[in-house]
Amino acid sequence: MKNIFKLIPVLLIVILTSCSKNLDINIDPKQPVTTAPNLRLPAILGNMAYHLYSHARFSSYHSFYITSRYNTSKVEALWNYNDVTRLGAWRWHYFDVGSNCLGMIERAEVDGTYNYRGVGKIMLAFSYLTATDSFGDMPYKEAYKGIYYPKYDTQEVVYAEIAKLLNDGIADLNKSNASDPTMNGTADLIYQGDLNKWKAFAEAVKARLLLHTANFQNGYDAVLSAVNTSLSGFSDAVFKYPTTPTKDWERNMWGASIARPEWNFAEIVNMLNNSVSTDLFMSYMTVGEPGLKFDPRLFKLTTPGVKNTYYGAKASEGLVVPNWPVPIPPADPVPPVMDDFANLYNGHWTADNSPFPYILKEELYFIKAEAAFYKADHATAFDAYKEGIKLNMQRLGVAESEITAYLASSKIKQDAASLEISDIMVQKYIALYLQAETWVDLRRYGYNAKAYPGIYYPAKASSEWAGKWIQRLPYDNQTEYIYNPQEMARLGATARNWVFTPVWWADKSTLKN
Amino acid sequence: MKRKILMLFLSTFLLVAHTIAQQITVTGKVTSADDKLGVPGASVKIKGTSSGVQTNLDGAYSIKVAKGEVLVFSYIGFVTQEKTVGSAAVIDAVLATDSKGLSEVVVTALGIKRDKRTLTYSVQTVKGDDLRDANQSNIINGLQGQIAGAQITSSGGSPGLPSEIILRGVSSLTGDNQPLMIVDGIRVSNASSDGTINRLADFNPADIESISVLKGAAAAALYGIDAASGAIIITTKKGKEGKMQSNLSYKSFIETVGRTPEQQKIYTSGTGSGFDESSISSWGRKYRSDELIYNNIDRFFKTGVVHDVNFNATGGAEKFNYYMSGNYNNGSSIIPNTETDKFSMLIKGSAQLAKNLELNASANYIKNNIKEGIVGGSSGGYANGIYMYPLRYDINRYQYENGNPYYEYYENSGSEETARISPMWGVMRNPRNTGTQRIVVNGELAYKANDWINLSFRSGQDYYNQEFSNITVPGTPGSYMKDGRLYQTKGNYKYQTNIFNSTFDRNIIKDLRATLILGASSEYFEASTNSFTGTGFIVPDIYSVNNIPATNLITAEGLRKRQRYAVYGDFKLDYKNMLSFGITGRNDWSSTLPINARSFYSPSFSGSFTFSELFENKDSWFGKLRASYAKVGKDAPIYATYTTLSPYYGIGGGYQNNPTIGGNTNLVAETTREKEFGVEFRLFKSRLNIEAAYYDKESHDQIVTARVPLPTGFVNQTFNAGKLRNRGFELSLTGIPVKTKDFTWSATLNTWINRSKMLEFPGQIEVFPYTFGNPYNAAKAASMLNMPVLGIVGTDYLKNDDGYTVIGGDGYPVINSANSAQYIGNREPKLNFGFLNRFNYKDFSLSFLWDFRFGGDVYNATRLGMTSRGISKEVGDWRDQSFTFNGVVLQDDGSYVKNTKQVSLDYKYFVENYAVTGTNFIETVNWARVRYITLAYSLPKKYTDRLKLARVGIELSAQNPILITNYSGGDPEVNSAGPNAGGGGGSTMGVDYGAIPLSRSYSIGISVGF
């Protein structure tokens, strides 16, 4: 009997020692904690396409490419972001692209290899640039530090850090050697492991970045240097979806299937089924010459509507078309319907299987044209301008004869001397159809009609904004305003009209007047 | 089939039932010395054996016994009496009230039975009979109103929806706030993953002997890291020695829909003016007199019928006894295409293996299949589709005879497609199915070393599988559902518990009794799950993963494990039943916390002073003061400390960071510290018992899993968040106001208040909205710093310094748009009452429970949605009426004058002003409701004897028959997302978002004892 009591402490000791091992079970055995970088790159690249889309989904309306059929739609027509719970873009940068880049970079650092490390830094830089151009100030130095109320760095600081990341990325790629792990088409869905193309891409990102500030930082030489370096080895950076996708994960977000691969895509599904081209966009696409009524790219960017007519609606006003044919009395007026407009689906960029552009080569030509234009090198500007148009038309599959005809039309300047900035910007606008970068250009130019002839303030934008133009996207309402209220207040982001405050480069821009 | 199994088990037990030597039959009556009334249920045993009988309702008994043997008469609260059997065939016993009077044994933490007199903390007990009178198949619902301090809310009137129980306010902002559930000493699951019913509902209420509710930290302190939310200790019935007794009962329930929201029947479809067929809103012109209007809410809800059969048998011999039961429950519901099918069987036995060694074992098998017509999202919203469906459509018209969908509206212009169908399509064609099979086994070996040392070892496992499927059939409108969609999860869950206990109990010196319990436990949890999501059925009518193209199928496997170990001790000193002092300590080690925070210590100190012992007449009353302090805790969710990768389903595959959880290696256990003071009285010879408690409980470092700032690189993370407080008062009065020979009225009044306050948030957080409690932006379920925890924040109208509503120049009130996160509601009731009554008159008994609630706000998001859609009754009442808002208008000089401008309450006002202002939908709710009325009749013995039956009872009952409330919507007992809030956690109690009203049901039952 007494032996039992003697046994108890012994038993306890035995139990306790074996216990501590049994307690080490808090790592999910069904999920890895880290993987080789080649298994992380596809997600980064695919998520970057989603990230770019998550900006474009909204900026396409602010850039006058398209407008909602409903003149009451809060964000698209009224420019009211105050009731938006989540926008997606914030998450796509910091989490879906950014945190995965960091995870891949960390692993490559542990492994002591450089190729994925360099690509990771370049992608992180590209993602930061995409994000800050919509959001302005954002955490950089205190990001990814586990801090729930990080300090928001100014956009100027963020820009400097992005430039540094790009240089570091290029430096890493230069250090890459044969002992690095394989990077081929299964992991690198953009360049199939061609590091020189990645370096050219990094220069392209740098050119895009430098262009945004060149006007007030006297930076056009740097822009030209970057763009020329890039063009010497550049190959289009586009994310390709399969020809015949079978599930939403394989579909372009702009596609007619309105892909929604998971619940977190809910806030960014496309609404092209309820949207039409604007009159501004149509005016840019209208040549109005015999045999050349429209820019041939119109039929590549959109597909014919039911009535095969191509009207453009006034931005924000719903299906309101300027100069809509007045019926001869006593016939009742028939208002425009969706069928009077082009179908926005199944264009070059808007089919389920469309590629999604990161940076296109023609953008580099237009960057070069703009920079050269301001360096008064009109000859270079003119060549780049023509090159950009041609490249874009070829990409969209326009026949060479039509390209020639279009290039000879009144829509196109025929000599360097008559080239105006609006020529470059309008052509860039068309070439970057639906891309978020266009919104950057519009804001750099303060929505100025000198750069964008015919642009007008949308009639239905809420009177609460007092005629101000939309300038940015709001921070994530569901997290930043809850966890970081003081920083939000410091930035002024708590104001209802916060999104009408220009970001740093738009505020500083000298191109607005 | 089921019956056959039942009979098989029964006969197995019958075979081993023994026979008692035939001697003489002694009859008699046991009466109370006090009131000369018969004592029902008193034990009459033959001394030295284990055989015995119980007295019937009149106190009469009959027993076979040999001459010279001694009969022992005993009953709780009375002095035990012994009588030797002589030649008399009738032996009556008059039992005197126990001088100590009032001995009552209650089950406390770890199943330890303790004398309630010297208990140093509060434990409230619900008797199985009171629970059964409620006629609720979900045990949690049966506890409503019976426990002071328990806030119980069900998520609605569909049988598969979960109920939530919160003791003494919430302690966690996310995750489960529900108490630990213990059945016969082992932990069982009460989870409701995928929004299914809370799994405690699997257990058969008919098997329950009693439920002890450990509300406070001190009472539950021996559960350590599990004790922050209290504990519910369920004890099932035990085998009774003696001749086999068995009981068969059948009940039939008719369920009807309870209180529903009201709709307007004036305006047809449209958006603000004329008729617009394409609109789902009811903001059109007035219905023409020739247009049909369907009363869709009435047409939708049906009458459900539920059948419930229970059988149990108990008996035993000297060295062993057994209890077994079977239950079959099958029924429909107020929701069409909804069905429950439940079968359970419990076998318990206990055997005296050796002189000092006892073995107790039980096995419980449960099958619970539920098919539900209404499927909701994770925020609830179950019945919104019904409440908002335009009345010009017949809700019952949803398909053609060939089964093809009947679209009430269809538009396909080539560039877009819109299809509208009755919500009945989803109900009839896309139900969700939950199937569970569960086996709970439990064994205990108890060794009595001597008269003061007991050792026991218990080992048990709660194992269940749960299959959940939600099929969306082809033809269902919705962009990605056109070709059908499948979502299935299959999971195996187990809780394994091993407990070793040693008890030392003796008087160390005269009048000083010491009790020491030392023990250790191990608890292991494992959940292995598989889920399948796929779109596009190849063949339209086979709903299986086999019938989904492999490329469209996403499968996932999960394996979650948790191990906990604990050692604990409980030391208690009692001096002369007058002074008691207890101290407990427990150390837990949990695998879910980081290594350096893995060990967690939970102490408690408590004492009581029975001051009535100081008085001369101490035997006729009882008075006690008690005080306690305890610190208990809660560990983290599984796998919250490390970031893992999850598969990337896009092109190229591979892995990406897992958005569902970002690792946090800084987690520590959540701690709750609680002080409790209590007083207990028993007066008028125990006819009146009063128990009151005040508690002050502070929870620190709450473990919260929430969406976190994205710059951290995480989407969701688990972190420690601040501090909150609950203070409250509980009063429980139990009494027998009237007791005569034929008539007894006993009553229990439970009343409680709880006041909570959010004391601290981490970092700079000021308002913390609950992800699943914010159906609309106008108002959200949230916690706010320095405010009651279960709050509602949202928009209000602008007020001037004097508190008047500011009216704009246009005559409409001005929304305070600068601050859309004002604290506009507190979802916790101000005051609760549960008033339980039981009348016994001869062979009749009538019991009913009134439940009163005063104060506390309900967020009527159902009405908000209905108003936005133009279908709520208030739209019908007020639309386009002229109205002058009560308020003041700002003048140019800064002064305010009373508003006099008359305006029209038009579409624009309702949609852009009224429906976006949260305060318009916050209602302070009072209710008085009868939870149940049960009238039972037992056939007198002379008839049952003739029938050769031991008992025959008939019962009529009604559940939720009466509801009186000022609430404008349906039933105000609401909890939109249920206890686990869609998996995201946090309580959504008081959020009415398309709630399915509780059903009002009526039942008839017959029970026969053999």
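Counting the residues of the stretch A:346-404 that are in contact with a Gly (Cβ under 7 Å, 6 or more places away or on another chain) and in a loop (DSSP other than H, G, I, E, B) gives 4. Restricted to the stretch B:544-583, and to residues there that are crowded, with 22+ Cβ neighbours inside 10 Å and of a type outside the set (D, E, K, R), the residue that is farthest from the other protein chains (Cβ to nearest Cβ) is B:580.
Just the residues that are within 18 Å of residue A:214 (Cα to Cα) and small (Gly, Ala, Ser), please, taken from the stretch A:145-188. Residues satisfying the conditions are A:160, A:163.
Take residue A:458 and tell me if it is modelled with pLDDT of 95 or more and of a type outside the set (Ser, Thr, Tyr). In short, yes.
Those residues that are surrounded by 19 or more Cβ atoms within 10 Å (Cβ to Cβ), over 18 Å from residue B:244 (Cα atoms) and either over 41 Å from the mean Cα position of the chain (by Cα) or not aliphatic (A, V, I, L, M) (or both), I need them from the stretch B:39-68; list them, please. Hit for the stretch B:39-68 is B:59, nothing else. Scanning the stretch B:873-887 for residues that are crowded, with 17+ Cβ neighbours inside 10 Å and part of a loop (DSSP other than H, G, I, E, B) yields B:879, B:885, B:887.
On the given criteria, is residue A:475 touching a Pro at 6+ places or on another chain (Cβ under 6 Å), within 14 Å of chain B (Cβ to nearest Cβ), surrounded by 15 or more Cβ atoms within 10 Å (Cβ to Cβ) and of a type in the set (Ser, Thr, Tyr)? Considered against the rule, which asks whether it is touching a Pro at 6+ places or on another chain (Cβ under 6 Å), within 14 Å of chain B (Cβ to nearest Cβ), surrounded by 15 or more Cβ atoms within 10 Å (Cβ to Cβ) and of a type in the set (Ser, Thr, Tyr), residue A:475 comes out as no.
Take residues that are away from every other protein chain (no Cβ under 14 Å) and tell me which of the strands (runs of 3 or more DSSP E) falling wholly in the stretch A:264-319 contain 1 or more.
Working: elements: A:275-277, A:286-289, A:292-294.
Fully inside the stretch A:264-319 and qualifying: A:286-289, A:292-294.
When you scan the stretch B:390-407, do you find a residue that is away from every other protein chain (no Cβ under 14 Å), aliphatic (A, V, I, L, M), out of contact with any strand residue (DSSP E or B) (no Cβ under 6 Å at 6 or more places or on another chain) and under 27 Å from residue B:270 (Cβ atoms), even just one? Taking every residue of the stretch B:390-407 in turn, at least one turns out to be away from every other protein chain (no Cβ under 14 Å), aliphatic (A, V, I, L, M), out of contact with any strand residue (DSSP E or B) (no Cβ under 6 Å at 6 or more places or on another chain) and under 27 Å from residue B:270 (Cβ atoms). Filtered by the rule that a residue be surrounded by fewer than 18 Cβ atoms within 10 Å (Cβ to Cβ) and of a type in the set (A, V, I, L, M), the stretch A:272-304 gives a lone residue, A:292. Within the stretch A:447-470, residues that are more than 16 Å from residue A:317 (Cα to Cα) reach partners that are surrounded by 15 or more Cβ atoms within 10 Å (Cβ to Cβ) and acidic (Asp, Glu) with beta carbons closer than 9 Å, at six or more positions or on different chains, in the pairs A:451/A:441; A:452/A:441; A:454/A:279.
Listed by first and then second residue, the pairs with beta-carbon distance under 6 Å, at least 6 apart or on different chains, first residue in the stretch B:344-364 and farther than 15 Å from residue B:446 by Cα, second in a strand (DSSP E or B) and polar (S, T, N, Q), are B:344/B:327; B:346/B:325; B:346/B:364; B:348/B:362. Within the stretch A:491-513, restricting attention to residues that are modelled with pLDDT under 95 and among the basic types (Lys, Arg), the residue that is nearest to residue B:715 (Cα to Cα) is A:496.
In this entry, residue B:538 is excluded by the filter for residues that are in contact with a Gly (Cβ under 7 Å, 6 or more places away or on another chain) and of a type in the set (A, V, I, L, M). Can you confirm whether the stretch B:909-930 contains a residue that is more than 30 Å from residue B:806 (Cβ to Cβ), surrounded by 14 or more Cβ atoms within 10 Å (Cβ to Cβ) and among the small types (Gly, Ala, Ser)? Checked the stretch B:909-930: at least one residue is more than 30 Å from residue B:806 (Cβ to Cβ), surrounded by 14 or more Cβ atoms within 10 Å (Cβ to Cβ) and among the small types (Gly, Ala, Ser). A Cβ distance below 9 Å, combined with a sequence gap of six or more or placement on separate chains, defines the contacts here; from the stretch B:267-278, residues that are without any contact (Cβ under 8 Å) to a residue 12 or more places away in the chain reach residues that are assigned to a strand (DSSP E or B) in the pairs B:276/B:270; B:276/B:283. The residues of the stretch B:103-162 that are free of Cβ contacts under 8 Å to residues at least 40 places away in the same chain and in contact with a Lys or Arg (Cβ under 8 Å, 6 or more places away or on another chain), listed by number, are B:103, B:104, B:105. Restricted to the stretch A:133-146, and to residues there that are part of a helix (DSSP H, G or I) and away from chain B (no Cβ under 12 Å), the residue that is nearest to residue A:173 (Cα to Cα) is A:133.
In this entry, residue A:315 passes the filter for residues that are in contact with a Lys or Arg (Cβ under 9 Å, 6 or more places away or on another chain) and not charged (D, E, K, R). I'd like the residue in the stretch B:789-814 that is surrounded by fewer than 23 Cβ atoms within 10 Å (Cβ to Cβ) and closer than 21 Å to residue B:858 by Cα and, out of all such residues, is nearest to the other protein chains (Cβ to nearest Cβ). Among residues in the stretch B:789-814 that are surrounded by fewer than 23 Cβ atoms within 10 Å (Cβ to Cβ) and closer than 21 Å to residue B:858 by Cα, the one nearest to the other protein chains (Cβ to nearest Cβ) is B:795.
Residues in the stretch B:721-780 that are free of Cβ contacts under 8 Å to residues at least 12 places away in the same chain and more than 30 Å from residue B:846 (Cα to Cα): B:763, B:764.
Could you tell me whether any residue of the stretch B:630-638 is within 11 Å of another protein chain (Cβ to nearest Cβ), touching a residue at least 60 places away in the same chain (Cβ under 8 Å) and of a type in the set (Val, Ile, Thr)?
First, pick out the residues of the stretch B:630-638 that are within 11 Å of another protein chain (Cβ to nearest Cβ): B:635-638.
Cutting the leftovers down to touching a residue at least 60 places away in the same chain (Cβ under 8 Å) gives us B:635-638.
Filter once more, so that each one left must be of a type in the set (Val, Ile, Thr): B:638.
Scanning the stretch B:630-638 turns up at least one residue that is within 11 Å of another protein chain (Cβ to nearest Cβ), touching a residue at least 60 places away in the same chain (Cβ under 8 Å) and of a type in the set (Val, Ile, Thr).
Exactly one residue out of B:501, B:530, B:507, B:546 is without any contact (Cβ under 8 Å) to a residue 24 or more places away in the chain and either among the small types (Gly, Ala, Ser) or in contact with a strand residue (DSSP E or B) (Cβ under 8 Å, 6 or more places away or on another chain) (or both): that is B:507. Determine whether residue B:646 is within 14 Å of chain A (Cβ to nearest Cβ) and part of a strand (DSSP E or B). When the stated conditions are applied, residue B:646 passes them. Taking the criterion of being of a type in the set (Lys, Arg) and facing chain B (nearest Cβ under 8 Å), the residues of the stretch A:24-58 that qualify are A:30, A:40. Only a single criterion out of (1) more than 30 Å from residue A:367 (Cβ to Cβ); (2) at pLDDT 95 or above is not satisfied by residue A:273, namely (2).
Annotation note: of A:111, A:96, A:83, the sole residue that is of a type in the set (Asp, Glu), farther than 30 Å from residue A:451 by Cβ and touching a strand residue (DSSP E or B) at 6+ places or on another chain (Cβ under 9 Å) is A:96.
Only one residue in B:796, B:802 is closer than 30 Å to residue B:884 by Cβ, touching a helix residue (DSSP H, G or I) at 6+ places or on another chain (Cβ under 7 Å) and among the acidic types (Asp, Glu). Which one? Don't jump to the end; show me each part of the working.
Details: B:802 fails: touching a helix residue (DSSP H, G or I) at 6+ places or on another chain (Cβ under 7 Å).
Only one candidate qualifies: B:796.
A single member of A:222, A:226, A:214 is more than 14 Å from chain B (Cβ to nearest Cβ), in a helix (DSSP H, G or I), touching a residue at least 24 places away in the same chain (Cβ under 8 Å) and within 19 Å of residue A:129 (Cα to Cα), and it is A:214.
The values are calculated or read from the model by the stated rules, or taken from the named source; none is laboratory data. Keep in mind that what you see is a predicted model, and the values were worked out from it rather than measured. FYI the Cβ positions are ideal-geometry reconstructions off the backbone, even for glycines, and counts take in every protein chain you see.
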